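For reference, the structure discussed in these notes is given below.
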Amino acid sequence: MNDTKVVLQLQGYGDVLSTPRRVDHWLYFRSNDEANAFIKQAKGIGFSVEQQVKNGIAPLLYQVQIYRDDSVELNAINAVTSKLVSWAIELNGEYDG
């Protein structure tokens, strides 16, 4: 995943990876119902919704941007993104980072 690349870049800049900070995630879904189902799951583990829009790019028409304060240590952020990827796939969506 891109997690490793981003974490290595942050480390290179001297970032303290254990310090929680806002981390945004973008996902795309075929239907508004699937996007809403994902949002419900994400809110259940503390995520907030920045935006939910119909972007008009078929077949994944519905964009969701969520965020939460998290550590970006590799193991921690991998656990988060893995869960989001899994949920997106279950709902016919895609995780975009």
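Assorted remarks:
- Restricting the range 1-11 to residues that are within 20 Å of LEU84 (Cα to Cα) and not in a loop (DSSP other than H, G, I, E, B), the residue that is modelled with the lowest pLDDT: ASN2
- Yes/no for GLY14 being at pLDDT below 95, not hydrophobic (A, V, I, L, M, F, W, C) and not in a helix (DSSP H, G or I): yes
- Residues (among the small types (Gly, Ala, Ser), touching a residue at least 40 places away in the same chain (Cβ under 8 Å) and closer than 13 Å to ARG68 by Cβ) located in the range 21-46: ALA42
The values are calculated or read from the model by the stated rules, or taken from the named source; none is laboratory data. Bear in mind that the values here come from a model prediction, so they are computed numbers and not experimental data. A quick note on method: Cβ atoms are made from the backbone with ideal geometry, for glycine too, and the neighbour counts reach across all protein chains shown.
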